[in-house]
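Values in this text are rule-based calculations from the coordinates and carry no lab data. In this text, all values refer to a predicted model and were calculated from it rather than measured experimentally. Cβ: placed from backbone, ideal geometry, glycine included. Neighbour counts: every protein chain shown.
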Amino acid sequence: MERDARYKRIADETDYVAYSDTLGQAVWTFTKPTHTPHPAVVCREPRTERDGKITLVMRVGCYGSTPDCDGLVAEFERLNERTIRSIQERAKP
């Protein structure tokens, strides 16, 4: 992904690496072999609904054990909640 100017690395941690899609605002997070549910990828993309409510559409591909994958999804759902709150705070007049 790094060679494509459309994607920018935004995080490179011990257990994962994340890229931002500069055109569509999606964030792709890939686990590294040190992360328990590896291999896994999570794509999160912000959407604004007709009523103005902001949501994050999340797609997950996880090939670890079911409990590990469930934990990964729960972790990202908590992150989504914090992200949406942050976006809403910034949008307040």
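Structure values in brief
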read-out: Top-ranked residue of segment 36-79 - restricted to ones that are buried (at least 17 other Cβ atoms within 10 Å of the Cβ) and small (Gly, Ala, Ser), ranked as farthest from the chain's Cα centre (by Cα); value: Gly64
read-out: Residue count, segment 25-53 (criterion: free of Cβ contacts under 8 Å to residues at least 24 places away in the same chain and more than 21 Å from Arg82 (Cβ to Cβ)); value: 5
